[in-house]
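A.B. asks: Okay, here's the structure, questions in a sec.
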Amino acid sequence: MKKNTIVSFISNNLVPLMFVLICSVAIPLSGFSFSYLLAEIVTRIARNSFLILSLLIPIMAGMGLNFGMTLGAMAGEIGLILVSDWQIWGIPGMILAMIISVPISILLGTISGKIMNLAKGREMITGYIMNYFINGIYQLIVLYAMGVVIPIVHSSILLPRGYGIRNTVSLLAMRQSLDNLLAIRIGTVKIPLFTFIVIALLCLFILWFRKTKLGQDMRAVGQDMEVARASGINVEKTRIISIVISTVLAGFGMIIYLQNMGNLSTYTAHSQIGMFCIAALLVGGASVDKATIGNVFLGVTLFHILFIVAPSAGTKLMGNSMIGEYFRVFVSYAVITFALIMYETKKRKALREVGRSLGLSQTRLSQSKQA
Amino acid sequence: MGKTIIKTDLIDDNNSFMGTVKSAVKSFGLPRLIISLFLLLMFILAPFVGANFFTQLSNTLNRFSWNAVLVLAMVPMIHSGCGLNFGLPLGIIAGLLGATLSIELGFTGATTFWMAILLATPFAVLFGTLYGFLLNKIKGGEMMIATYVGFSAVSLMCMMWLLLPYHSPNMVWGYAGTGLRTTISLDGYFNQALSGFLRINIGHLSIPTGALLFFGILALGIWAFLHTKTGTAMTAVGSNAKFARACGVNIDRVRALSVIMSTWLGAVGILVYEQGFGFIQLYNAPFNMALPAVSAILIGGATVNKASITNVIIGTFLFQGIVTMTPTVINSMIHMDMSEVIRVIVSNGMIIYALTRKSEVSK
């Protein structure tokens, strides 16, 4: 009995355990000091958690990992570009950027949700392609319309040709304005308390949201769309709302992420963000149909430990820092692949079992009739 | 209001001229029609902006010959119901292994090309078998998993290109002596091995006959295969798996075969691409090869579970036509290089359109 629970614990938490193993080998290899590692991890938890938390609600609604969270990130970036052109810095700038991002996120989230409703059963691949599609439109707006159609005053963020935004927009005057609010220093470790308060508020919101009528509806839709529809839930609308919420939160998350970084790579900042967030969530032990707040924090910690130590561990082990860089990219992709495969096989197994139990009850029924 | 009335008229009166036009549009597909008209407009506008029509046509044909086999690699998997082959990078890796091994083993000239195909084949079969086995385990979720299997393989190979014991001085980093370069020139190897064969030059028009011929032979082969017993079984599995099983077809085997074929065609496809392009691109390059091929076949009129050789030819021509024509024409017209953005929007919009078509989901 006891052995069984251990086996099932291992098989249920294979990915996090594997990561603990890899990290425990890679940390000593990298030669980083504990305090350095701790400071880096705290920074990265503050930087990324909000973005990763934005993935939870669509998972609840049964729409899988929202690869379309990048759309929200783009909306947040547009907000930041406009705010930095208007020279509104610090916390007011961040809040204004968030306000600007909301209508854009709602629009993009609605489009994305509607398209996913047309492609039920393949939401993830659709969301994934949506990234590329909306990225094209983002480029159209930022590279060609800004400075022509959308007025941009300051030449410091404009390309020399007179329209389009430069490859990097400096957010130096906004850098860590949220993190430095109420920051506590313990030795060399800076704890951005206010950012953590914001993240905690989002966690509370998610916990509260699960208990609301809408949250319950989403869980019902996530479990079985047909049953939910039969009980009077507007399935399509509920699904769209879940994507809209996720997109809006991703927009906020991106703004928090970028204020920590202090500069915005206009055309590349969002391109990998979805992949890294999803990988981090999965490393924390989440699956395509189930994710908790605990998964987010465990995942972001483990994933980023590997991210910090991999290049220098690679250098020590193989004599080439590129190996470590490639290794961490490989791990991110492999984790996502593994989680997707686990999800699909589990789904098929569940279907088979339903079929088997149906068949069993049929035979029992006929046997009892014969008797 | 007026619009809706006209529309109902058209549906009511199928015999009228407009009715025939409408049904023709429907069978050709509206997106495909728009893209065709757009390309036609580009060709018409080209002379006005100072671009030579025949030079542009040659460019399009040239790029067609590089990419057509990669697009052809979509066909077997679509036929067997495995969906769009987002896992194309797996085949590409087999091709890259073939190409680099062929150079490493000391072959020169056009022989490298044929040796590369030969050397890539066992890798393609191996990868395809494993990949096919995996896809049989996760029926229904192929496309997303295929994407990430491709990505994982590409990033794993990024490490391998650095670590594998290659020594040919034309391929490894000069100062370190190990690790392959990101781009390897094919001069002296199989640069233009096919495209240069029987090339026809008439004024500004230049036709890469060899490469077109090679594609033609492969396409004919696939067409013929799809009409054999196994090929028909493959189509049956794709269009109605239950019916196929009732007819005694071993679904898993047919699907695995289609995956192996697609992977092998991907390997050959990248070699054909490289002989035209003149370089081998390693490391992150295969990441961006699958989406253009997927959208090309969709532009050609294929759907998630239906594709023909005609789709491949039309789609590749339209897609590559847009890729070559828009930079020249649009740039000279409005002095903005919007071609890349247009390409991104058109190609990905096409994939989304295909994914959302209701009639295909139910099957």
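A.B. asks: How about segment A:128-151: which of its residues are crowded, with 22+ Cβ neighbours inside 10 Å and either in a loop (DSSP other than H, G, I, E, B) or away from every other protein chain (no Cβ under 11 Å) (or both)?
C.D. replies: A:MET146
A.B. asks: Within segment A:315-344, work out how many residues are under 21 Å from A:LEU17 (Cα atoms) and more than 7 Å from chain B (Cβ to nearest Cβ).
C.D. replies: Total meeting the criteria: 9.
A.B. asks: Six or more apart or on different chains, Cβ atoms under 8 Å: show the pairs whose first residue is in segment A:269-287 and touching a residue at least 40 places away in the same chain (Cβ under 8 Å) and whose second is surrounded by fewer than 24 Cβ atoms within 10 Å (Cβ to Cβ) and charged (D, E, K, R).
C.D. replies: Hits for this filter: A:SER287/A:LYS346.
A.B. asks: Could you count how many residues in segment B:300-322 are more than 14 Å from chain A (Cβ to nearest Cβ) and either polar (S, T, N, Q) or assigned to a helix (DSSP H, G or I) (or both)?
C.D. replies: 14
A.B. asks: Show the residue pairs that are 6+ apart or on different chains and have beta-carbon atoms under 9 Å apart, the first residue being within segment A:187-212 and closer than 15 Å to A:ILE245 by Cα and touching a residue at least 60 places away in the same chain (Cβ under 8 Å), the second being surrounded by fewer than 17 Cβ atoms within 10 Å (Cβ to Cβ) and of a type outside the set (Val, Ile, Thr).
C.D. replies: Listed pairs, sorted by first residue: A:ARG210/A:GLN216; A:ARG210/A:ARG219.
A.B. asks: Taking the residues in segment A:271-295 that are over 9 Å from the mean Cα position of the chain (by Cα) and among the aliphatic types (A, V, I, L, M) as candidates, determine which candidate is surrounded by the fewest Cβ atoms within 10 Å (Cβ to Cβ).
C.D. replies: A:ILE293
A.B. asks: Filtering segment A:113-127 down to residues that are facing another protein chain (nearest Cβ under 7 Å) and not basic (Lys, Arg), which residue is nearest to B:ASN348 (Cα to Cα)?
C.D. replies: Taking the candidates together, the pick is A:THR126.
A.B. asks: Scan segment B:324-335 and report the pairs whose first residue is touching a residue at least 60 places away in the same chain (Cβ under 8 Å) and assigned to a helix (DSSP H, G or I) and whose second residue is surrounded by fewer than 16 Cβ atoms within 10 Å (Cβ to Cβ) and not β-branched (Val, Ile, Thr), with Cβ atoms within less than 7 Å and a gap of 6+ or a chain change.
C.D. replies: Once the first residue is touching a residue at least 60 places away in the same chain (Cβ under 8 Å) and assigned to a helix (DSSP H, G or I) and sits in segment B:324-335, its partners that are surrounded by fewer than 16 Cβ atoms within 10 Å (Cβ to Cβ) and not β-branched (Val, Ile, Thr) give B:SER332/B:GLY50.
A.B. asks: Still on this structure: Could you list, ordered by first residue, the pairs with Cβ atoms under 9 Å in which the first is in segment B:139-156 and closer than 14 Å to B:PHE127 by Cα and facing chain A (nearest Cβ under 7 Å) and the second is modelled with pLDDT under 90 and part of a loop (DSSP other than H, G, I, E, B), at least 6 apart or interchain?
C.D. replies: Short answer, once both residue conditions are applied: B:VAL149/B:PHE86; B:VAL149/B:GLY87.
A.B. asks: Continuing with this model, one more query. Of the residues B:ILE334, B:ILE345, B:ILE330, which single one is over 17 Å from the mean Cα position of the chain (by Cα), surrounded by fewer than 22 Cβ atoms within 10 Å (Cβ to Cβ), within 13 Å of chain A (Cβ to nearest Cβ) and modelled with pLDDT of 85 or more?
C.D. replies: Only one candidate passes the filter, namely B:ILE345.
A.B. asks: A further question follows. Tell me the helices (runs of 4 or more DSSP H) entirely within segment B:1-113 that contain at least 1 residues that are at pLDDT 85 or above.
C.D. replies: B:30-45, B:53-72, B:75-79, B:88-104
A.B. asks: Got a number for residues in segment A:85-106 being free of Cβ contacts under 8 Å to residues at least 12 places away in the same chain and part of a helix (DSSP H, G or I)?
C.D. replies: Total satisfying the criteria: 3.
A.B. asks: Which residue is surrounded by the fewest Cβ atoms within 10 Å (Cβ to Cβ), if the candidates are limited to segment A:246-264 and must be among the small types (Gly, Ala, Ser) and closer than 16 Å to A:GLY79 by Cβ?
C.D. replies: A:GLY253
A.B. asks: Name the single residue, out of those in segment B:69-87 being within 14 Å of another protein chain (Cβ to nearest Cβ) and small (Gly, Ala, Ser), that is surrounded by the most Cβ atoms within 10 Å (Cβ to Cβ).
C.D. replies: Filtering first and then ranking leaves B:GLY87.
The values are calculated or read from the model by the stated rules, or taken from the named source; none is laboratory data. Computed from a prediction, not measured in an experiment: that's the story for all the values here. Heads up, the Cβs are rebuilt from the backbone with ideal geometry, glycines too, and the neighbour counts pull from every protein chain shown.
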